[in-house]
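Engineer: Let me give you the structure first, and then I'll get to my questions.
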Amino acid sequence: MIKNWHILILLALAFFSCEKEIEIEMEERGGRLVLYSFIAPDSILQVHLSKSVSHLSVDDFERVYNGNVTVYRNDRIVDDFIFPFDESWANRSGVDFSSGDSIRIEAFDGSGQSVSGETVIPDTVPFLLADTATVVKSDNKDGERKVLNCKLTISDPAVKKNYYQLIIFEQICRMEEGVVKCEQKRVGYDKKDPVFFVQSKEGSLIGEIDFDGCFSDTLFNGESYNLEVDLPLEYASVPDQNGASRKIFFLLLSHTRGFYDYYRSRVVAEYGYDLPIIDPIRIYNNIDGGLGLITGYNVTTDSLIFDNGI
C-alpha cells in the first residue's frame, strides 16, 4: 500500500483550501479567521488557521499570531496547542479518530476572534475492483482509442444518504542499488458513468463540469452499484525495467454532506469565475464565526498490480 496515501489525499482535498476566497463576500477588507481540517482515522491530524485577505491582495492568506486550537472528540478535549504562525498547516500526531467519532475544533487569535466547526467521521463502505478489460471506446473528440475499463463495485449502505469521491493513484516501484524506490502520482480517468453527471441546476448554465470524482448515491441508494471508469491504456502494462512494478490504487472516499457541498461549490466557482454571465457563487462554509471547513472522511481501497519481478 502507498505509505503516504493520506498525504496524497489531503493534497487532493485541499486543492482550493488555502487559496483566496472566490466570491464569498468580496469584502473590501479581509481579517476573518479561516479554519480548515480534513480528518480521517489512522492519519495525522492537520489543521490550517489563517485570516482571509481582501480580494485586492496579492497574498493567499494572512498569518495568525498568538493563535490557539482546541480539538474535541466526542465532547472530550484530545488536543490543545498554539498554532505555529510560520506554518500553513499544523501536524498533530498521537490524536486518534475512529468511524462515528464526533469532532469539534475551536480556535482563537490574539485579537479575540474565535471560530469553531464540527463534523463526524463517516463509516467505510465495502468496495472492490470487480473486473478490468482492455476495450475500444470512441467519442467525437478523440475518435477510437483503447482504454483500460475498470468495473468497481460499491455496496452502498441503506437508510442514510452517502457521498463519495473516487481518487486513483499510480505507484511505480523500481530496484535501485539494492533498494526499492517508489514514486506516486494521481491518475486522471474518464468520468462517463451516470453517477458523475451533474444532476441539479448548478451546472445548467455552464455545461458539463468535472467535480473531481465526487458523487452521491442518488442513483443507487442502499444498493450495490457497479461503477465504470476508463483509464489510459498506458496504465495497463508491466514496466519495462526488470524488478519494477506498477500498482494502480483505487481509493473510495466516504465524505460528509458538508464536504460534498463545499467541494462542488468551489469547483463551480472556479469554473465560472471568469464568465460574466455567472452570478457570484457562495462557497459552502461550516465554520461558525469565520470561513472554512471542518470535515471527516474515510477510505476503502483496492488495487491492480502489474509486476515485473518485485
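Engineer: In the structure shown, do any of Lys141/Lys192; Lys160/Lys185; Lys137/Lys192; Lys137/Lys161; Lys161/Lys247 have a Cα-Cα gap over 22 Å, and if so which?
Structural biologist: Violating the 22 Å Cα-Cα cut-off are Lys160/Lys185; Lys137/Lys161; Lys161/Lys247.
Engineer: Taking the Cβ of Tyr72 as the centre, find all other residues whose Cβ is under 13 Å away and add up their charges (Lys, Arg: +1; Asp, Glu: -1).
Structural biologist: -3
Engineer: Here's a follow-up. Name the residues whose placed amide hydrogens come within less than 5 Å of the amide hydrogen of Asp101, ignoring near sequence neighbours (fewer than 5 apart) on the same chain.
Structural biologist: Correct list: Ile121.
Engineer: While we're looking at this one, here's another question. Please give the net charge around Ala244, taking every other residue with its beta carbon less than 12 angstrom from that of Ala244, where Lys and Arg add +1 and Asp and Glu add -1.
Structural biologist: 0
Just so you know, all these numbers are worked out from the coordinates, no wet-lab data involved. For clarity, every value in this text was computed on a predicted model and none was experimentally measured. Here the Cβ is made from the backbone with ideal geometry for all residues, glycine too, and neighbour counts use every protein chain on show.
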